[in-house]
Amino acid sequence: QVQLVESGGGLVQAGGSLSLSCAASASTFIINVIGWYRQAPGKQRELVAGIASAGNTNYADSVKGRFTISRDNAKNTVYLQMNSLKPEDTADYHCIADYVDRVGDMTRRSWGQGTQVTVSS
């Protein structure tokens, strides 16, 4: 299974910026999509942003124009740059990786342990 190690997060004032990174141990796997989910207390988990191996991205409407996801395939690392943060961005952010053992295999998903992002008003 792909292991994911997240870093970044913390406390920031509204309007500020934070950066998250997630490194995947995936020397024997093929990671297709890697990205971030978040879950705030009392709310459903939602996809924040994802990026495929070819570089195409998708974002939640709530973060478009403020968050940028990028990927370093050589390092199996994904980055999430979060700008113009709002209190409603406060959540536990989890990295995910959709991967296969070999081309054509069933896709599996790994989850990171999560990192807290808190935006104060």
What strands (runs of 3 or more DSSP E) completely inside region 52-120 contain at least 2 residues that are open to solvent by less than 50 Å² (accessible area, probe 1.4 Å)? 67-72, 77-82, 91-100, 115-120
Consider residue 51 carefully, then state whether it is β-branched (Val, Ile, Thr) and either modelled with pLDDT of 95 or more or touching a Pro at 6+ places or on another chain (Cβ under 7 Å) (or both). yes
Does region 27-44 contain at least one residue that is touching a residue at least 24 places away in the same chain (Cβ under 8 Å), surrounded by fewer than 19 Cβ atoms within 10 Å (Cβ to Cβ) and in contact with a Phe, Trp or Tyr (Cβ under 8 Å, 6 or more places away or on another chain)? yes
Across region 1-26, the tally of residues that are assigned to a strand (DSSP E or B), under 12 Å from residue 99 (Cβ atoms) and either under 14 Å from the mean Cα position of the chain (by Cα) or in contact (Cβ under 8 Å) with a residue 60 or more places away in the chain (or both) stands at 3
Give all pairs with beta carbons closer than 6 Å in which a residue from region 90-103 that is within 15 Å of residue 42 (Cα to Cα) and modelled with pLDDT of 95 or more meets a residue that is open to solvent by 10 Å² or more (accessible area, probe 1.4 Å) and hydroxyl-bearing (Ser, Thr, Tyr); count only pairs at least 6 apart in sequence or on separate chains. 90/118; 93/115
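Of all residues in region 17-26, which are open to solvent by 20 Å² or more (accessible area, probe 1.4 Å) and either over 15 Å from residue 109 (Cα atoms) or touching a helix residue (DSSP H, G or I) at 6+ places or on another chain (Cβ under 7 Å) (or both)?
Here is the first cut: in region 17-26, the ones open to solvent by 20 Å² or more (accessible area, probe 1.4 Å) are 17-19, 21, 23, 25.
Hits for region 17-26 are 17, 18, 19, 21.
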Any residue at all in region 34-51 that's among the polar types (S, T, N, Q) and in contact with a helix residue (DSSP H, G or I) (Cβ under 9 Å, 6 or more places away or on another chain)? no
Which pairs have Cβ atoms under 7 Å, sit 6 or more apart or on different chains, and link a residue in region 51-68 that is closer than 16 Å to residue 99 by Cα to one that is open to solvent by 70 Å² or more (accessible area, probe 1.4 Å)? 53/73
Name, by its number, the condition in (1) under 16 Å from the mean Cα position of the chain (by Cα); (2) over 20 Å from residue 61 (Cβ atoms) that does not hold for residue 36. (2)
Residue 38: in a strand (DSSP E or B) and charged (D, E, K, R), yes or no? yes
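The values are calculated or read from the model by the stated rules, or taken from the named source; none is laboratory data. This one's a predicted model, so the numbers in the text were calculated from it and none came from an experiment. Here the Cβ is made from the backbone with ideal geometry for all residues, glycine too, and neighbour counts use every protein chain on show. Protein only, heavy atoms only, side chains kept; ligands, DNA and RNA dropped before computing areas. Shrake-Rupley method; radii C 1.70, N 1.55, O 1.52, S 1.80 Å.
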